[in-house]
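Visitor: Could you have a look at this structure, given as structure tokens, before my questions?
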Amino acid sequence: MSALPENSPRIEARPPVCIACWLTVAALIAAVWGSFAYLSLDVAQLFTAESGQLMGDFVRRFFPPDLSAPFLYKIANATLETLAISAIGTLLAAIAGLALALPAAGRFGAPLRALTRFLLNFLRSVPELVWAALMVLAAGLGPFAGTLALALHTTGVLGRLFAESLENAPPEPAQALADSGAGPSLVFLYGTLPCVMPQLIAYSLYRWEMNVRMATVLGFVGAGGLGQMLYYELSLLHEPQACTVVLAMLGLVIVIDAASAWVRRTQLHVRG
């Protein structure tokens, strides 16, 4: 058989057409179009002159924000309260989530695994606002109710994420310790936990960022913090004061996001 000349054009094989991919895209487009039609959404109403004027008038009433010293003092106290609610709620959830993640990962048998996973699904399926309303009835108005609400919902989320991390952990380090005669607790502490610790920290920090935002919303049901202050000011139509509260929320979220990113970078640097 004669070899092809070096300068002869090469015929490249075309990749096969992905029929399933095109069908999926078509199904998504049909679902989006059907949702707009079912909900009778008229996007054009957002761009009418009347809508723009109404939104502009509403926004203008928020400026300039109230920067008086007495009100800024109240803002500072509410900001610290929101930060404390989110931090303590996330910490309690991380501890409880790790404790529930062990049986949820199947380390204590299949029956307990199924029961624990049902509990985690229940905790995270109930929204934070519902938990907050229940905790307000149980513990009264204030930051304690907000902390408990965040802790309960976040326990369900972190417990599920922690359990999946434990299930996907590489078994070789733990198996090596077990073969050397180490007990189950030592195998977990020195074989499994170091492998999944970066993931556990990353999940916890991410949920803390979300809980800072959620803690401001929980104030609308009397759970304290900036959210309760924003609800109070909006109820009295104090738009400049409400603008100051919103700016404080924005600043708090930016600070928490920067601190979380710094912790992640530091963790990666330590791990090499």
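Visitor: Counting Lys and Arg as +1 and Asp and Glu as -1, what is the net charge of the other residues whose Cβ lies under 11 Å from the Cβ of GLY191?
Guide: Values: positive: none; negative: GLU172, ASP179.
It works out to a net charge of -2.
Visitor: What is the local net charge at ASN121, summed over the other residues whose Cβ is closer than 14 Å to its Cβ (Lys, Arg +1; Asp, Glu -1)?
Guide: With Lys, Arg at +1 and Asp, Glu at -1, the neighbours total +3.
Visitor: Could you check the spin-label model distance between CYS18 and LEU247? Points 7 Å from the Cα along Cα→Cβ, value in nm.
Guide: Modelled inter-label distance: 4.8 nm.
Visitor: Also, quick follow-up: Which of these, ALA105, ALA258, ALA163, has the largest mean-square fluctuation under a Gaussian network model of the chain (Cα springs below 10 Å)?
Guide: The residue that fluctuates most here is ALA258.
Visitor: For a Förster distance of 45 Å, can you work out the FRET efficiency between the beta-carbons of SER185 and LEU137, rounded to the nearest 0.05?
Guide: My answer for the efficiency is 0.70.
Visitor: In addition: If you take the square roots of the eigenvalues of the alpha-carbon gyration tensor of the chain and sort them as a ≥ b ≥ c, do you get rounded (a/c under 1.5), prolate (a/b over b/c) or oblate?
Guide: Oblate, because a/c is 1.5 or more while a/b does not exceed b/c.
Visitor: Put +1 on the Cβ of each Lys and Arg and -1 on the Cβ of each Asp and Glu in the chain; which of ALA258, SER86, LEU200 then has its Cα farthest toward the positive end of the dipole?
Guide: Comparing the listed Cα positions along the dipole, LEU200 ranks first.
Visitor: List the Cys residues of the chain that have no partner Cys with a C-beta closer than 4.7 Å.
Guide: If one checks each Cβ against the other cysteines of the chain, CYS195, CYS243 turn up with nothing under 4.7 Å.
Visitor: Next up: Counting Lys and Arg as +1 and Asp and Glu as -1, what is the net charge of the other residues whose Cβ lies under 15 Å from the Cβ of ASP257?
Guide: Computed value for this residue: +3.
Visitor: Here's something else I'd like to know. Can you report the principal axis dimensions of region 58-176 using only the alpha carbons, biggest first, rounded to whole angstrom?
Guide: Extents along the principal axes, in whole Å: 63, 34, 26.
Visitor: Which whole-number percent gives the relative contact order of the chain, counting Cα pairs below 8 Å spaced six or more residues apart?
Guide: It rounds to 23 percent for the chain.
Visitor: Report ³J(HN,Hα) in whole Hz for each residue of region 110-117, in order, from the Karplus equation J = 6.51 cos²θ - 1.76 cosθ + 1.60 where θ = phi - 60°; Gly and Pro get x.
Guide: 5, x, 5, 4, 5, 5, 5, 5
Visitor: Something else about it: Placing +1 at every Lys and Arg Cβ and -1 at every Asp and Glu Cβ, with all other atoms neutral, what dipole size does region 69-270 have around its Cα centre, in debye to the nearest 20?
Guide: Dipole size: approximately 200 debye.
Visitor: Dipole of the chain (Lys/Arg Cβ +1, Asp/Glu Cβ -1, origin at the Cα centre): which of PHE122, GLN175, ALA31 lies farthest to the positive side?
Guide: Farthest along the dipole direction, towards plus: GLN175.
Visitor: Work out how much length SER235 to THR48 would gain on full extension: take 0.36 nm times their residue separation and subtract the Cα-Cα distance, in nm to one decimal.
Guide: Here the answer is 64.5 nm.
Where a number appears in this text, it was derived from the coordinates with a stated rule and is not lab data. Because the structure is a prediction, the values reported are computed rather than measured. Virtual Cβ from ideal backbone geometry, glycine too; neighbours counted across all protein chains shown.
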